[in-house]
Every structure is written in structure tokens, then in C-alpha cells.
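Okay, structure first, notes after.
The values are calculated or read from the model by the stated rules, or taken from the named source; none is laboratory data. Remember, it's a predicted structure, so these values are computed and weren't measured experimentally. Note: ideal-geometry Cβ built from the backbone for every residue, glycine included; neighbour counts use all protein chains shown.
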Amino acid sequence: MINSCSLRPLTENDLAMVLSWRNEPAVRAVMFNRHEIGMDEHRDWFATASRDETRRLLLVEEAGVPIGYVQFANVRPGGVSDWGFYATPSARKGTGRRLGAAALNHAFGALGLHKVCGQALASNTASIRMHCALGFCQEGILRQHHPIDDRHEDVICFGLLSHEWD
Ligand SMILES: CC(C)(COP(=O)(O)OP(=O)(O)OC[C@H]1O[C@@H](n2cnc3c(N)ncnc32)[C@H](O)[C@@H]1OP(=O)(O)O)[C@@H](O)C(=O)NCCC(=O)NCCS
């Protein structure tokens with residue numbers, strides 16, 4: 001899939017911007033970890049995660065403008081990686097799909113992954129539709145799996161194989 005997004009490693013200079021996206025109520029509401037993240041916690045996370053050679057923390061830009069953040073875990077050539085992402089709160093429709101497509105081009109190209117896996121809360125319609133639009137297969141449902149307030153929400157598991165992206 002051809003698109004005009006580019007990816008680059010997240011840097012210290014991006015942290016405040018990315019934290020403001022991550023802390024938006026609409027983003028927090030659909031994440032597994034919903035608390036408001038402070039700058040110290042965010043810096044500690046970055047210090048640890050950016051040293052981990054099996055992780056990729058990536059800023060996605062379009063015509064030089066940041067449009068979102070994507071991360072891959074358990075990265076190794078031929079491996080199976082879990083991804084996560086969010087778009088800028090001001091993103092226009094279609095941003096998620098373009099961001100996702102650019103990230104998957106990178107995952108199955110430069111990173112040489114065999115498979116990318118994603119998980120979404122059952123209430124996260126945008127993420128579910130985005131995974132489906134990108135060609136992910138729904139591989140299972142973890143029933144009443146994630147505690148939220150006084151209930152447990154289903155988690156939808158997605159997978160996409162390298163040759164399916166080709
Ligand atoms: C998930 C996310 C990146 C999608 O970004 P986006 O720019 O809305 O993506 P797209 O415009 O490509 O839309 C994807 C689909 O979701 C739909 N959608 C978007 N926002 C929606 C909403 N709030 N409610 C219902 N559907 C929504 C779109 O209409 C589109 O559906 P379509 O394929 O039938 O047209 C963005 O919503 C986001 O950052 N969410 C918060 C973080 C998050 O959920 N991360 C993933 C955790 S698993």
C-alpha cells in the first residue's frame with residue numbers, strides 16, 4: 001500500500017506532544033491503561049522503552065506534520081510483534097488507516113516481521129474498524145478480560161501475516 005506518511009524514531013523532543021495526545025480523554029477512554037500519565041512517568045517509560053532493542057517507538061508524519069504514534073514490541077526478523085498506536089486528537093478521517101498502513105509497510109519491510117498482532121477493547125469501534133480495513137484477521141475474543149470500573153470488557157485479538165500484507 002503506497003502512502004505519503006513517514007516514520008522516524010520518537011525522540012526526547014517529541015515527548016510532551018505525544019503525552020498530550022495520549023492523555024486526551026478520548027484516547028485514554030479506549031486504552032488498557034486509562035490513568036492520566038504524568039511527565040515523570042512518561043520520561044521513565046521512554047528511558048526504559050527506548051533502550052529496549054526489541055521495541056520500536058515511532059512518530060508518524062505526513063508532509064512533515066506529526067499525525068500519530070506507533071509502537072512495536074518483540075521485534076526480531078521473522079518474528080511476531082504486538083503493535084499499538086494512536087492518532088493526533090485533531091486527526092481528520094482516514095488518518096488512522098494511513099498511519100497504520102505506513103507502520104505495516106515498515107513492519108513487514110524494514111523490520112522483516114512475520115506477523116503483527118493487535119488487541120482492542122470491544123467498545124473501541126475505531127480501532128476495530130481500522131484493523132479490519134487494514135486486512136487484519138480477527139483471531140479470537142478474550143471474553144470479559146479487561147477490568148474497567150465494576151465490569152470486565154471483551155478484548156478482540158487481531159493478526160496480520162506478512163504475505164497477507166503483500
Ligand atoms: C484508532 C485510531 C488511530 C483510528 O484513527 P482514525 O483517524 O479515526 O481512523 P480512520 O479514519 O482510518 O477510521 C477507521 C474507521 O473507524 C471509524 N471511526 C473512527 N472514529 C470512530 C468513532 N469514534 N466511533 C466509531 N467509529 C469510528 C471510521 O469511520 C472508520 O470506519 P470505516 O472504515 O468504516 O470508514 C484513532 O481513533 C485513535 O487514535 N484512537 C485512540 C487510540 C486507540 O484506540 N488506539 C488503538 C488501541 S487498540
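The set of residues from the stretch 16-37 being surrounded by 14 or more Cβ atoms within 10 Å (Cβ to Cβ) and of a type in the set (S, T, N, Q) comprises just one member, N23. Summed over the stretch 118-131, the residues that are touching a residue at least 24 places away in the same chain (Cβ under 8 Å) and either over 14 Å from the mean Cα position of the chain (by Cα) or crowded, with 19+ Cβ neighbours inside 10 Å (or both) give a count of 9. Looking only at the stretch 4-15, residues that are of a type outside the set (K, R), loosely packed, with under 15 Cβ neighbours inside 10 Å and modelled with pLDDT of 95 or more come to 5 in all.
Taken over the stretch 136-164, the criterion of being surrounded by 15 or more Cβ atoms within 10 Å (Cβ to Cβ) and either at pLDDT below 95 or within 17 Å of the chain's Cα centre (by Cα) (or both) is satisfied by F136, V155, I156, C157, F158, G159, L160, L161.
Within the stretch 63-94, can you find the residues that are crowded, with 18+ Cβ neighbours inside 10 Å and either within 13 Å of the chain's Cα centre (by Cα) or of a type in the set (D, E) (or both)? Before the answer, list the steps.
The initial filter retains those residues of the stretch 63-94 that are crowded, with 18+ Cβ neighbours inside 10 Å, namely 67-72, 75, 81, 83, 85-88.
Answer for the stretch 63-94, where residues must be crowded, with 18+ Cβ neighbours inside 10 Å and either within 13 Å of the chain's Cα centre (by Cα) or of a type in the set (D, E) (or both): I67, G68, Y69, V70, Q71, F72, S81, W83, F85, Y86, A87, T88.
Looking only at the stretch 66-86, which residues are touching a Ser or Thr at 6+ places or on another chain (Cβ under 8 Å) and touching a residue at least 40 places away in the same chain (Cβ under 8 Å)? Across the stretch 66-86, the qualifying residues are P66, I67, G68, F72. Scanning the stretch 124-153 for residues that are more than 13 Å from the ligand (Cβ to nearest atom) and either part of a helix (DSSP H, G or I) or acidic (D, E) (or both) turns up E139, D149, D150.
Just wondering, is there one or more residues in the stretch 50-59 that are surrounded by 14 or more Cβ atoms within 10 Å (Cβ to Cβ), without any contact (Cβ under 8 Å) to a residue 12 or more places away in the chain and under 13 Å from L19 (Cβ atoms)? I'd like the intermediate steps shown before the answer.
Within the stretch 50-59, the first condition is being surrounded by 14 or more Cβ atoms within 10 Å (Cβ to Cβ), and the residues that meet it are 50, 55-59.
Remaining after also requiring without any contact (Cβ under 8 Å) to a residue 12 or more places away in the chain: none.
Within the stretch 50-59 (the criterion being surrounded by 14 or more Cβ atoms within 10 Å (Cβ to Cβ), without any contact (Cβ under 8 Å) to a residue 12 or more places away in the chain and under 13 Å from L19 (Cβ atoms)), the answer is no, since none of the residues qualifies.
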